[in-house]
Amino acid sequence: DYAETYSTQDSSIKAADLVSADKYNAGNVVKASSTSVVIGIVSTNPAALINGSAFISGAGILDHVPAGQVPIALAGRVPVKISLENGPIEIGDHLAVSSTRPGFAMKATDAGMTVGIALEPLSVLASGSSSTVMTFVNIDYWIPGTISSYDTQIASSSYEKISSSANTIFDMIV
């Protein structure tokens, strides 16, 4: 993934947590809750990192994250902590901020802000345990039953390929 460092006063923030803007400390992040606006997922191992005006890539990248800061994934895929409060997670499910566990995501079932799209399933968690699901970072407003802009792009690309192939076949026949 591609990440950027953000300051935090919350020492409990760990990799795979959902975070939101800290309304009491400008420029800082806190664990996201159901009443906050999520801005990202804490990266576990970014391939590229923006730290102030520096751009860092390569091995040992997390060694370049200053104390009191966390790397927030801007794009790519990252694990996110999961709550099964809205049921099992299936590949392709949109994920939203958990309504019961700060820093966790859950399956989105209603229209609203989502943090990403699940890239793997999760159906069972032992009582009191936690797990993560690999997630494609995609902070967006999602409405169930509608075609997303991502789906539209795929459909458009497929239509163009089919149309081009049909034209080629037609030209060969004529």
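The values are calculated or read from the model by the stated rules, or taken from the named source; none is laboratory data. Since this is a predicted model, take the numbers as computed values, not measurements. Note that each Cβ is placed from the backbone with ideal geometry, even for glycine, and that neighbours are counted across all protein chains shown. Side chains included, ligands, DNA and RNA excluded: accessible areas come from the protein's heavy atoms. Shrake-Rupley method; radii C 1.70, N 1.55, O 1.52, S 1.80 Å.
So Gly27 clears everything in (1) over 30 Å from Pro121 (Cβ atoms); (2) modelled with pLDDT of 95 or more except one condition, right? Which one?
Going through (1) over 30 Å from Pro121 (Cβ atoms); (2) modelled with pLDDT of 95 or more one by one, Gly27 breaks only (2).
So, of the residues in region 83-121 that are within 27 Å of Asn28 (Cα to Cα) and among the charged types (D, E, K, R), which turns out to be surrounded by the most Cβ atoms within 10 Å (Cβ to Cβ)?
Lys107
For region 28-60, what are the residues that are open to solvent by 20 Å² or more (accessible area, probe 1.4 Å), in contact with a Ser or Thr (Cβ under 7 Å, 6 or more places away or on another chain) and assigned to a loop (DSSP other than H, G, I, E, B)?
Selection gives Ser34, Ser36, Val37, Ala47.
Hey, could you check region 133-143 for residues that are over 12 Å from Ala75 (Cβ atoms) and at pLDDT below 95 and say which is nearest to the chain's Cα centre (by Cα)?
So the residue we want is Asp140.
Quick one: count up the residues across region 3-24 that are closer than 20 Å to Ala75 by Cβ and either at pLDDT below 95 or among the small types (Gly, Ala, Ser) (or both).
5
Of (1) closer than 28 Å to Thr109 by Cα; (2) surrounded by fewer than 17 Cβ atoms within 10 Å (Cβ to Cβ); (3) among the charged types (D, E, K, R), Asp63 satisfies all except one. Which?
Looking at each condition in turn, Asp63 falls short on (1).
Among the residues of region 1-27, write down those that are closer than 15 Å to Pro66 by Cα, surrounded by fewer than 18 Cβ atoms within 10 Å (Cβ to Cβ), polar (S, T, N, Q) and touching a residue at least 12 places away in the same chain (Cβ under 8 Å).
Result: Ser7, Gln9.
Give the residue that is farthest from Asp93 (Cα to Cα), with candidates limited to residues of region 103-123 that are in a strand (DSSP E or B) and either touching a residue at least 40 places away in the same chain (Cβ under 8 Å) or hydrophobic (A, V, I, L, M, F, W, C) (or both).
Restricting to residues being in a strand (DSSP E or B) and either touching a residue at least 40 places away in the same chain (Cβ under 8 Å) or hydrophobic (A, V, I, L, M, F, W, C) (or both), the top hit is Met113.
Which of the residues spanning region 91-102 are part of a loop (DSSP other than H, G, I, E, B) and closer than 18 Å to Ile143 by Cβ?
Gly92, Asp93, listed by residue number.
Among residues belonging to region 66-82 that are among the small types (Gly, Ala, Ser) and surrounded by fewer than 20 Cβ atoms within 10 Å (Cβ to Cβ), point out the one that is modelled with the lowest pLDDT.
Ala67
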